[in-house]
There are 2 protein chains.
Amino acid sequence: MNKFWRDCPEISRELDIVKNIIKKSVSSSEKYFEESFLPLIEDGGKMLRPAFLLLSARFGQCNQERLYDLAASVEMVHLATLIHDDIIDNSKLRRGCESIQSKYGKEYAVYAGDFLFCKCFSMLSQHDYKTENLRDISRAINRICMGEIKQYHFRYTRKVNLRRYIKIISGKTAALFALSFIAGAKEGNCDEELVKLLGRIGYNIGMAFQCIDDLLDYVGNENELGKSAQSDLKQGYYTLPIIFALEEDKDKELSNILDKSTFNDGDIKKIVSLVKKYNGIEKSMKVAERYTKKAFENIDNLPKCESQYIIKSVVEKLLNRTF
Amino acid sequence: MNKFWRDCPEISRELDIVKNIIKKSVSSSEKYFEESFLPLIEDGGKMLRPAFLLLSARFGQCNQERLYDLAASVEMVHLATLIHDDIIDNSKLRRGCESIQSKYGKEYAVYAGDFLFCKCFSMLSQHDYKTENLRDISRAINRICMGEIKQYHFRYTRKVNLRRYIKIISGKTAALFALSFIAGAKEGNCDEELVKLLGRIGYNIGMAFQCIDDLLDYVGNENELGKSAQSDLKQGYYTLPIIFALEEDKDKELSNILDKSTFNDGDIKKIVSLVKKYNGIEKSMKVAERYTKKAFENIDNLPKCESQYIIKSVVEKLLNRTF
């Protein structure tokens with residue numbers, strides 16, 4: 001039973017099926033291999049992407065078995081990006097457990113991520129999915145990679161402005177949310193307009209989700225977030241709160257600290273306080289609110305049904321975590 | 001013009017087309033991104049896999065445009081594994097140029113490899129390829145990952161025996177050679193038996209190729225190989241020559257050096273001389289010869305045509321580099 005979905009027993013039950021498909025796909029005669037994935041899969045987080053895919057498909061009609069495999073594919077792409085993200089971020093923990101890169105080494109994690117990426121495509125090739133679905137998924141992954149590469153390329157530089165930030169997160173986060181809605185809707189044989197509307201919902205949820213995630217780095221504490229606070233900052237990733245704060249940093253107070261080659265704890269505290277002083281958090285919230293508002297407007301335009309109601313209440317729970 | 005293929009102008013011309021398709025697939029508005037791939041693509045090595053795919057397809061008939069995209073996909077998978085391999089091996093050089101991981105950082109290289117993996121699938125989704133082709137390719141990549149993971153898992157251990165070594169290289173190398181032949185043959189609509197025969201040729205070439213590569217680590221010098229000699233050894237990868245030498249290492253002379261946590265240059269020299277003394281190279285050559293012989297037997301069973309002749313002469317050039 002997935003805690004996040006306890007109010008939706010049907011979705012929770014379906015997510016368990018999806019989870020078992022993923023577990024089965026990494027099963028291997030090499031036990032160490034199988035076991036390395038299990039903590040990540042078992043404590044599967046909220047499984048938002050497959051859940052949205054399942055909910056989206058309910059606006060039409062489809063074969064459930066194919067649908068579950070499709071949902072598993074999308075989640076496997078997400079898990080693969082998490083495994084590779086942890087290499088880049090040097091993260092010790094993932095969802096409260098030791099990350100694959102920390103436990104088995106970065107080398108192992110590179111191939112473990114590759115394995116999951118490709119398992120997603122082997123899964124898709126089992127059924128006679130439309131080539132369109134395959135194209136959508138591979139394009140979404142390409143967008144994720146480009147987003148991550150851009151983010152990495154522009155680290156430690158003041159070149160990340162609002163426009164670039166939006167491009168980065170629309171790739172690294174929103175693309176997979178949008179895909180989840182679109183793939184579900186297409187598999188459910190929804191009409192083109194409904195597919196587009198659901199895709200927009202996914203995009204706006206993804207954008208709001210990432211903005212909130214980034215601003216929580218400046219307000220949350222280590223325990224609340226489950227990952228080191230300000231870790232992005234230490235790695236030179238200047239996210240929305242910094243971008244906005246720099247706009248009001250006339251005396252170059254913040255800018256001067258960011259120019260240092262490494263940050264000590266004192267620097268981090270000072271940066272956080274300057275980000276607050278220069279309205280970085282407030283303004284970031286405004287952006288998140290804007291995407292949230294758009295998502296709700298889109299959701300209101302969906303056909304009225306149980307699925308629409310669930311999507312709405314989940315998005316409320318998800319995006320209202322700060323305001 | 002690809003030097004390795006100068007005696008086959010037609011294949012050489014087709015490989016240039018394939019290379020341009022790959023270049024186009026990484027073209028991007030972000031110039032730094034596009035440029036990071038170019039050295040690897042431009043000096044495209046021998047392009048064995050796409051060449052074998054093209055040659056294999058000639059045993060039947062097919063649409064050339066689709067075929068070139070398929071050949072590009074297979075080469076992109078190979079390039080993606082090279083990019084990720086260089087992260088794992090910490091390689092400074094790749095084909096005489098600075099590797100992506102060295103020039104742009106490991107983080108960048110993780111996503112650059114992911115990007116190429118997925119571009120392969122976006123490429124495949126452009127055409128209405130048989131789902132079978134997709135399944136074959138994703139399975140081959142899964143086999144490559146498993147091979148690499150196994151190799152990594154068993155590093156610095158004496159647990160790698162001949163059986164395990166064969167399993168490792170059949171995944172990390174032979175799978176993609178076999179796939180290249182199979183995908184070409186299937187796209188050429190060859191009958192099932194011919195597809196299988198071509199697949200076996202690819203498998204045996206791949207196995208022989210890797211055995212030779214591994215034994216050359218113990219006989220070649222740095223300049224000849226284009227990568228640091230004995231690099232595998234320094235990373236704890238015990239390949240065929242070591243496995244055989246250990247069988248005759250009754251006094252544990254070799255075994256005791258391998259037990260050390262790091263090897264200095266003197267240790268490496270000693271290991272290499274012990275490997276020679278205990279017939280590690282000789283016995284490895286025998287294994288390589290066995291696979292080479294099988295490949296030639298298979299090739300002789302192919303329908304007599306220009307393609308058969310080219311495959312035979314290329315395999316002679318490729319596998320006779322040591323004996």
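The values are calculated or read from the model by the stated rules, or taken from the named source; none is laboratory data. Since we're looking at a predicted model, the values are computed, not measured. In this analysis, Cβ positions are derived from the backbone assuming ideal geometry, glycine residues included, and neighbour counts consider all displayed protein chains.
General remarks:
- Condition met for B:A109 (within 29 Å of A:Q101 (Cβ to Cβ) and at pLDDT 90 or above): yes
- Qualifying residues in region A:26-45 (those that are of a type outside the set (G, A, S), away from every other protein chain (no Cβ under 13 Å) and without any contact (Cβ under 8 Å) to a residue 60 or more places away in the chain) - the one surrounded by the most Cβ atoms within 10 Å (Cβ to Cβ): A:I41
- Taking the conditions (1) under 24 Å from A:S231 (Cα atoms); (2) surrounded by 22 or more Cβ atoms within 10 Å (Cβ to Cβ); (3) out of contact with any Lys or Arg (no Cβ under 6 Å at 6 or more places or on another chain); (4) aliphatic (A, V, I, L, M) in turn, A:I144 satisfies each one other than (3).
- Pairs meeting the criteria (first residue in region B:158-177 and modelled with pLDDT of 90 or more, second residue outside any helix (DSSP H, G or I) and crowded, with 23+ Cβ neighbours inside 10 Å, beta carbons under 7 Å, at least 6 apart or on different chains) are B:Y165/B:T239.
- The residues of region B:277-323 include none that are on the phi > 0 side of the Ramachandran plot and surrounded by 18 or more Cβ atoms within 10 Å (Cβ to Cβ).
- Selection from region A:205-237 of residues that are at pLDDT 75 or above and polar (S, T, N, Q): A:Q210, A:Q235
- Of all residues in region A:1-16, those that are over 20 Å from the mean Cα position of the chain (by Cα), among the hydrophobic types (A, V, I, L, M, F, W, C) and surrounded by 18 or more Cβ atoms within 10 Å (Cβ to Cβ) total 1.
- Scanning region A:278-315 for residues that are in contact (Cβ under 8 Å) with a residue 24 or more places away in the chain, within 21 Å of A:E192 (Cα to Cα) and assigned to a loop (DSSP other than H, G, I, E, B) turns up A:N301, A:L302, A:P303, A:C305.
- Unique residue being modelled with pLDDT under 90 and crowded, with 23+ Cβ neighbours inside 10 Å when the list is A:S138, A:S122: A:S138
- Per the listing A:R139, A:R94, the residue uniquely over 16 Å from B:C120 (Cβ atoms) and under 19 Å from the mean Cα position of the chain (by Cα) is A:R94.
- Whether a residue is more than 8 Å from chain B (Cβ to nearest Cβ), crowded, with 24+ Cβ neighbours inside 10 Å, touching a Lys or Arg at 6+ places or on another chain (Cβ under 7 Å) and under 26 Å from A:G236 (Cβ atoms) was assessed, and A:Q101 does not pass this test.
One line per residue, one yes/no per condition, for (1) assigned by TED's automatic domain parsing to the domain that holds B:V195; (2) at pLDDT 90 or above; (3) in a helix (DSSP H, G or I):
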{"site": "B:S27", "(1), (2), (3)": "no, no, no"}
{"site": "B:S36", "(1), (2), (3)": "no, no, yes"}
{"site": "B:L67", "(1), (2), (3)": "no, yes, yes"}
{"site": "B:L79", "(1), (2), (3)": "no, yes, yes"}
{"site": "B:I83", "(1), (2), (3)": "no, yes, yes"}
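- When A:I212, A:I149 are screened for being touching a residue at least 24 places away in the same chain (Cβ under 8 Å) and either buried (at least 23 other Cβ atoms within 10 Å of the Cβ) or of a type in the set (D, E) (or both), only A:I212 passes.
- Members of region B:97-140 that are touching a residue at least 12 places away in the same chain (Cβ under 8 Å), touching an Asp or Glu at 6+ places or on another chain (Cβ under 7 Å) and more than 20 Å from B:A57 (Cα to Cα): B:C97, B:S99, B:I100, B:Q101, B:A109, B:F117
- Selected residue (criterion: farthest from B:E65 (Cα to Cα)) from residues of region B:1-25 that are in contact (Cβ under 8 Å) with a residue 12 or more places away in the chain and not in a helix (DSSP H, G or I): B:D7
- For the residues A:L258, A:L274, A:L240, A:L246, the requirement of being crowded, with 16+ Cβ neighbours inside 10 Å, farther than 30 Å from A:C190 by Cβ and either basic (K, R) or in contact with a Phe, Trp or Tyr (Cβ under 7 Å, 6 or more places away or on another chain) (or both) singles out A:L240.
- Subset of region B:163-188 [within 14 Å of chain A (Cβ to nearest Cβ) and among the charged types (D, E, K, R)]: B:R163, B:R164, B:K167, B:K172, B:K186
- Qualifying residues in region B:125-162 (those that are within 7 Å of another protein chain (Cβ to nearest Cβ) and in contact with a Ser or Thr (Cβ under 7 Å, 6 or more places away or on another chain)) - the one farthest from B:K283 (Cα to Cα): B:D128
- Qualifying residue in region A:256-277 (condition: assigned to a helix (DSSP H, G or I) and in contact with a Ser or Thr (Cβ under 7 Å, 6 or more places away or on another chain)): no
- Verdict on B:Y238 being in contact (Cβ under 8 Å) with a residue 24 or more places away in the chain, hydroxyl-bearing (S, T, Y) and within 14 Å of chain A (Cβ to nearest Cβ): no
- If you go through region A:58-116 and keep only what is over 20 Å from B:G113 (Cα atoms) and of a type in the set (A, V, I, L, M, F, W, C), you end up with A:F59, A:C62, A:L67, A:L70, A:A71, A:A72, A:L93, A:C97.
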